[in-house]
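Notes for the one structure printed next.
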Amino acid sequence: MTTPLLSLTWTDHVTGRQGFLVVDRLVRGVSSGGLRMREGCTLDEVTGLARGMTMKEALHYDPEGRYIPLGGAKGGIDCDPREPDSYGILVRFLRAMRPYVESFWTTGEDLGLTQDLVDRAATEAGLVSSIQAVYPLLDDETAARRRLAQAFAVEVDGIGLDELAGGCGVAESVLAALDRAGVPYVGTRVAVQGLGTMGAATARFLARAGLDVVAVADIKGTIVNPAGLDVEALLAARDTYGTVDRAVLRPGDRELPGDAWLSADAEVLVPAAVSYAIDASNQGRITARWIVEAANMPVLPAAEALLAARGVTVLPDVVVNSGTNAWWWWTLFGDIGADAEEAFAHTRRAMRALVELMLARAETDGTSPRAAAHAIAADRLPVIAERFGWYR
């Protein structure tokens with residue numbers, strides 16, 4: 001593992017809470033990576049996430065595209081976002097990080113934070129934008145910023161396009177794996193852990209593709225129905241933290257403990273909440289054929305090795321959930337416009353091509369999909385560095 005370019009720990013002078021910024025790599029002097037807020041967030045966690053962002057950026061490198069991949073970075077704050085002091089901590093963190101955000105760290109929503117909240121806190125911290133470091137790289141900054149703002153204003157069935165793009169990419173990853181294995185969509189069962197932005201959108205796209213979402217988990221527990229859940233009703237009944245109002249459950253829906261999603265009778269398992277959810281001790285409960293990492297780092301390495309030995313395929317986060325980040329940059333750089341159908345079509349093409357490339361490489365090399373994804377990124381990083389440089 002390489003040493004990050006920059007790693008720092010911040011301590012809030014008011015509460016004593018800590019925050020972290022890790023810049024793993026720069027391309028043309030800029031890095032990209034979201035800001036998360038959760039109780040227990042650590043520097044090691046943020047370091048791993050920043051390294052993952054470097055790979056996500058490299059995996060979406062298209063020599064013909066307008067979007068030039070950036071370096072990888074990540075921010076994290078050790079605080080429960082539901083705490084009364086959390087917003088003040090967020091503002092103070094961004095105020096302390098202002099020189100980095102202005103110069104070389106572009107950031108946005110991640111676990112525990114919404115983009116609206118990040119934007120509001122960034123303004124209060126005196127920033128022009130949470131992604132202002134990328135502006136000097138744009139051909140036409142005014143047009144690019146207008147295009148991204150228009151894209152964020154687009155809604156599909158009352159839901160913001162920005163909340164759907166990442167889930168579209170996760171769902172397409174699932175569908176690409178099913179197609180490669182010759183498994184029909186109808187009759188394929190899915191369990192989703194986490195009904196935040198990523199998990200909710202993934203569940204919606206998979207249900208609309210014909211798959212049966214048979215289990216969903218939130219902070220209050222797991223809701224299951226072997227015949228399939230009413231995904232739209234559950235999503236409509238969530239609060240801002242992704243918790244479902246149980247009043248909407250149907251007679252066939254059952255409530256089980258929070259970790260019951262692990263052993264759900266499903267072919268596809270989508271962990272879309274916290275990191276480190278699947279470890280060596282609980283992986284034995286999983287009967288799914290595929291685990292599709294919508295969250296960042298949900299499967300620990302020891303668990304992945306044991307799962308692989310049992311024939312369970314893990315589709316890694318560096319590919320699966322990379323669509324959110326890529327959609328931002330495709331839109332800002334002008335590869336796509338502020339249009340939902342164009343965004344979904346571009347996301348589906350890009351994600352399907354990437355998943356198929358990864359799975360073909362894994363088959364050829366006799367390795368896991370994660371190892372194959374890392375190998376593809378390792379091939380591309382020197383090319384990107386040679387063409388664009390770290391600092392220029």
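Some observations on this one:
- Scan the range 16-55 for residues that are within 16 Å of the chain's Cα centre (by Cα) and among the acidic types (Asp, Glu) and the total you get is 1.
- Complete set of residues in the range 26-47 that are outside any strand (DSSP E or B) and farther than 23 Å from Glu102 by Cα: Glu39, Gly40, Cys41, Thr42, Asp44, Glu45
- Selected residue [under 26 Å from Gly196 (Cβ atoms) and either surrounded by fewer than 16 Cβ atoms within 10 Å (Cβ to Cβ) or without any contact (Cβ under 8 Å) to a residue 12 or more places away in the chain (or both)] from Thr11, Thr106, Thr15, Thr54: Thr15
- Verdict on Ile384 being open to solvent by less than 20 Å² (accessible area, probe 1.4 Å), assigned to a helix (DSSP H, G or I) and either of a type outside the set (Gly, Ala, Ser) or in contact (Cβ under 8 Å) with a residue 60 or more places away in the chain (or both): yes
- Where strands (runs of 3 or more DSSP E) fall wholly inside the range 260-379, the ranges with 3 or more residues that are aliphatic (A, V, I, L, M) and within 18 Å of the chain's Cα centre (by Cα) are 268-271.
- For the range 109-121, filtered to residues that are at pLDDT below 95 and not charged (D, E, K, R), the residue that is most open to solvent (accessible area, probe 1.4 Å) is Thr114.
- Any hit, the range 76-92, residues being without any contact (Cβ under 8 Å) to a residue 40 or more places away in the chain, open to solvent by less than 10 Å² (accessible area, probe 1.4 Å) and under 17 Å from the mean Cα position of the chain (by Cα): no
- Residue-level check: of (1) farther than 26 Å from Leu178 by Cβ; (2) surrounded by fewer than 20 Cβ atoms within 10 Å (Cβ to Cβ); (3) in contact (Cβ under 8 Å) with a residue 40 or more places away in the chain, Ala260 misses just (1).
The values are calculated or read from the model by the stated rules, or taken from the named source; none is laboratory data. Since this is a predicted model, take the numbers as computed values, not measurements. No Cβ is skipped: glycine too gets one built from the backbone with ideal geometry, and neighbour counts run over all protein chains shown. Areas reflect the complete protein model, heavy atoms only, side chains present, ligands, DNA and RNA absent. Shrake-Rupley method; radii C 1.70, N 1.55, O 1.52, S 1.80 Å.
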